[in-house]
1. For segment 23-76, which fully contained helices (runs of 4 or more DSSP H) count at least 2 residues that are modelled with pLDDT under 85, acidic (Asp, Glu) and farther than 27 Å from residue 13 by Cα?
2. Any residue at all in segment 11-21 that is surrounded by fewer than 11 Cβ atoms within 10 Å (Cβ to Cβ), at pLDDT 80 or above and either out of contact with any strand residue (DSSP E or B) (no Cβ under 7 Å at 6 or more places or on another chain) or assigned to a helix (DSSP H, G or I) (or both)?
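The values are calculated or read from the model by the stated rules, or taken from the named source; none is laboratory data. The model shown is predicted, which means the values in this text are computed figures rather than measured ones. When we count neighbours, we look across all protein chains shown, and the Cβ atoms used for this are built from the backbone with ideal geometry, even at glycine.
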Amino acid sequence: MHNEDQLEHCFVINQALEEESDFNFPKIHLLSHYADQISRYGSLPQYSTESCEASHKLFKNVYRQSNHVDAIPQII
């Protein structure tokens, strides 16, 4: 980011924070850093949904094969 862009960016953020608003702009601003942080350090394994998704994959496949009417007895 160029110096002029940084100054404009800071001005816009400060202006938004000074105005009365119901939004929490610092939290919204933090979202702009997520992609860089993930690229730099990788994702956090404790927030991965991969293991949970894998644990009920069998049930999802069986449900897809059922007729979707009273599916629980069919899955069991």
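1. Helices (runs of 4 or more DSSP H) meeting the threshold: 50-55.
2. Yes - at least one qualifying residue is present in segment 11-21.
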